[in-house]
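These notes concern the structure reproduced below.
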Amino acid sequence: MGVSQPLILLIGQEAEAMAPRLEASGYSTALAGSLPEPAAVVLLSGEIGALSIPALRLTMERVPLLLDIVHDSVEGRSECLSAGANDFWLSSAGASDLLMRLRLILQRRSQPLPIKGVLEVADLRLDPSLKRAQRGNRVLTLTGREYRLLVLLVRQAGEVLSRDQILREAWDDQSEAASNVVEVYVRYLRQKLEEGGERRLIHTVRGRGYCLCDRQPPSGKAAP
């Protein structure tokens, strides 16, 4: 089984010009259109970046955005971050700067945050030290994959996670992206969480993904 290549979305002429070098360095690239959620987005600065960031944030809330700044300066960095980007890259420095920043930002995303103490959402309790989950006084019997998915959902309770995010963070790769594996495991988890007649905590947000929360999901429109 091959290792999937991180997908990088390129927006703007300077960003698109980096495609051959990125692909030679082990990334896959895309320019536009209907795509799976990328690992990161590389943006041209100026008008394209300013217009694209708010629109991208509507559908890619947690995807790192790297905005081009031509000259490295305090003002340039400040404007980049103020625009909503996660980091900047220097187009004047060529592909080497972009490759370094992509490597660092993707490494940070791949490192799970430490989980300390018992996590709680409503009457759901997750004890990472014991790898035990409870709904009220009822201990849940979970497979390793179900537990890993539940940890991801609980750690980011209240956030809508897309199917591609879940595949990237709860699975080792995205080789199963063409299947309904996420939907299947969400259904397994729901069955076990609601086995005692408890109310639903994992909500489907139509067109966006899944959200574990005590109340109505952020979109306000949960699918059945």
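The values are calculated or read from the model by the stated rules, or taken from the named source; none is laboratory data. Owing to the predicted nature of the structure, the values given are computational and were not obtained by experimental measurement. Virtual Cβ from ideal backbone geometry, glycine too; neighbours counted across all protein chains shown. Calculation scope for accessible area: heavy atoms of the full protein, side chains included, ligands and nucleic acids excluded. Shrake-Rupley method; radii C 1.70, N 1.55, O 1.52, S 1.80 Å.
Sub-8 Å Cβ pairs linking a first residue in segment 130-158 that is touching a residue at least 12 places away in the same chain (Cβ under 8 Å) and on the phi > 0 side of the Ramachandran plot to a second residue that is open to solvent by 30 Å² or more (accessible area, probe 1.4 Å) and of a type in the set (Asp, Glu), at least 6 apart or interchain, are 136/123; 136/198, ordered by first then second residue.
Scanning segment 119-134 for residues that are assigned to a strand (DSSP E or B) and under 24 Å from the mean Cα position of the chain (by Cα) gives 119, 120, 121, 124, 125, 126, 127, 133.
Residues of segment 74-131 that are among the basic types (Lys, Arg) and either modelled with pLDDT under 80 or open to solvent by less than 20 Å² (accessible area, probe 1.4 Å) (or both): 77, 108, 109, 116. Among residues of segment 14-30 that are over 17 Å from residue 90 (Cβ atoms), those with a beta-carbon under 7 Å from a residue that is open to solvent by 20 Å² or more (accessible area, probe 1.4 Å) and of a type in the set (S, T, N, Q) at least six positions away or on a different chain give the pairs 19/29; 23/29; 26/5; 27/5; 28/5. For the structure I just gave you, tell me whether residue 199 is modelled with pLDDT of 90 or more and either assigned to a loop (DSSP other than H, G, I, E, B) or among the hydrophobic types (A, V, I, L, M, F, W, C) (or both). In short, yes.
When the residues of segment 29-53 are filtered to those that are more than 17 Å from the chain's Cα centre (by Cα) and at pLDDT 75 or above, the one that is surrounded by the most Cβ atoms within 10 Å (Cβ to Cβ) is 29. Checked against (1) modelled with pLDDT of 80 or more; (2) out of contact with any Gly (no Cβ under 8 Å at 6 or more places or on another chain); (3) open to solvent by less than 60 Å² (accessible area, probe 1.4 Å), residue 68 passes all but condition (2).
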